Amino acid sequence: MPAWVENGVYYNQSKAILRKLAKRYGYESSDHLINWRIDSIVDEAPDHFEKFYGVVSKRQFDDEALKTFLEVVKNFVTFIERIINTFGQPTYLASNKISAADFAVAGLVFTYIFNNAFAGGPKFASPAQALVMASPKLSAWVNTMRGDLAGYLATRKPSPM
């Protein structure tokens with residue numbers, strides 16, 4: 001279970017932690033409509049996490065698992081394209097600046113699709129990356145996030161999931 005420890009106090013619930021930190025560090029908006037956008041994305045992203053994790057946690061990386069995994073990726077791409085097309089933001093998912101929504105989705109993208117240590121290896125990662133990069137708007141967002149998170153991505157501890 002995710003936890004945030006601060007001054008001896010343990011906070012749980014990943015979405016609540018994300019919202020707490022977003023408020024503290026300016027990854028939310030003073031505009032109520034934009035905050036609703038952010039919250040709606042933060043609330044829906046875990047549904048996709050569960051689907052990714054459901055495939056990968058079995059630790060079976062055969063052709064049948066690959067087929068299932070790529071269906072999860074296709075649904076994820078559809079989810080992100082719907083967000084981009086609905087909210088019409090040129091760079092980030094919910095507003096014209098990075099927000100908690102971008103972090104919630106980036107966690108999935110850089111864990112299950114663009115992760116050099118991914119447990120499924122290139123057999124899973126390469127076709128998943130191709131599906132993501134085939135979407136012009138989504139690939140633009142991925143490249144923006146790669147730039148914004150470059151320091152973290154370059155130094156993060158390798159993790160298969």
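The values are calculated or read from the model by the stated rules, or taken from the named source; none is laboratory data. These numbers come from a predicted model, not from an experiment. Here the Cβ is made from the backbone with ideal geometry for all residues, glycine too, and neighbour counts use every protein chain on show. For accessibility, only protein heavy atoms count, side chains too; no ligands or nucleic acids. Shrake-Rupley method; radii C 1.70, N 1.55, O 1.52, S 1.80 Å.
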* Can you give the accessible area of Ile41 in Å² (nearest 10), computed on protein heavy atoms with a 1.4 Å probe? -> 0 Å²
* Whole-Hz Karplus ³J(HN,Hα) for the range 11-23, in order, using 6.51 cos²θ - 1.76 cosθ + 1.60 and θ = phi - 60°, x for Gly and Pro? -> 10, 10, 6, 4, 5, 5, 4, 4, 5, 4, 5, 4, 4
* Quick one: angle between helix 121-133 and the longest Cα principal axis of the chain, in degrees between 0 and 90, rounded to 10, please. => 60 degrees
* Heavy-atom accessible area per residue - the range 47-111, 1.4 Å, Å² -> 48 Å²
* Structure fact -> Note, the range 37-48: 3J(HN,Hα) by Karplus (6.51, -1.76, 1.60, θ = phi - 60°), whole Hz, Gly/Pro = x, goes 4, 4, 4, 5, 6, 4, 6, 8, 4, x, 4, 6
* To do: Enter the accessible area per residue of the range 1-46 (Å², integer; probe 1.4 Å; all protein chains in place).
  => 70 Å²
* For helix 63-87, report the angle its Cα long axis makes with the longest principal axis of the Cα atoms of the chain; keep it between 0 and 90° and round to the nearest 10°. => 30 degrees
* Point-to-point label distance, Asn116-Tyr152, nm (Cα→Cβ direction, 7 Å offset) -> 1.8 nm
* Structure fact -> Given backbone amide H placed at 1.01 Å from N, residues whose amide H is under 5 Å from that of Tyr11, ignoring those fewer than 5 places away on the same chain, are Trp4, Val5, Glu6
* Structure fact -> Measure of exposure for Arg82: accessible area at 1.4 Å probe, Å² rounded to 10, is 110 Å²
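On average, how much area does the Cα convex hull of the chain cover when viewed from any direction, in nm²? Each step should come with its number before you reach the end.
On the way: hull surface 38.6 nm².
Mean projected area for the chain: 9.7 nm², to one decimal.
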* **J(HN,Hα) series, the range 106-113, from Karplus relation 6.51 cos²θ - 1.76 cosθ + 1.60, nearest Hz, glycine and proline x** => 4, x, 6, 4, 8, 9, 9, 10
* **Inter-part distance where the range 41-91 and the range 109-161 are each reduced to a Cα centre, Å** => 13 Å
* Structure fact -> For Ser99 the rounded accessible area (nearest 10 Å², probe 1.4 Å, non-protein molecules ignored) is 0 Å²
* Count the lysine pairs in the range 1-156 that are 8 or more places apart or on different chains: how many have C-alpha atoms under 18 angstrom apart? -> 12
* Asked: Expressed as a whole percentage, what fraction of the accessible surface of the chain belongs to carbon and sulfur atoms when a 1.4 Å probe is rolled over the protein heavy atoms?
  -> 54 percent
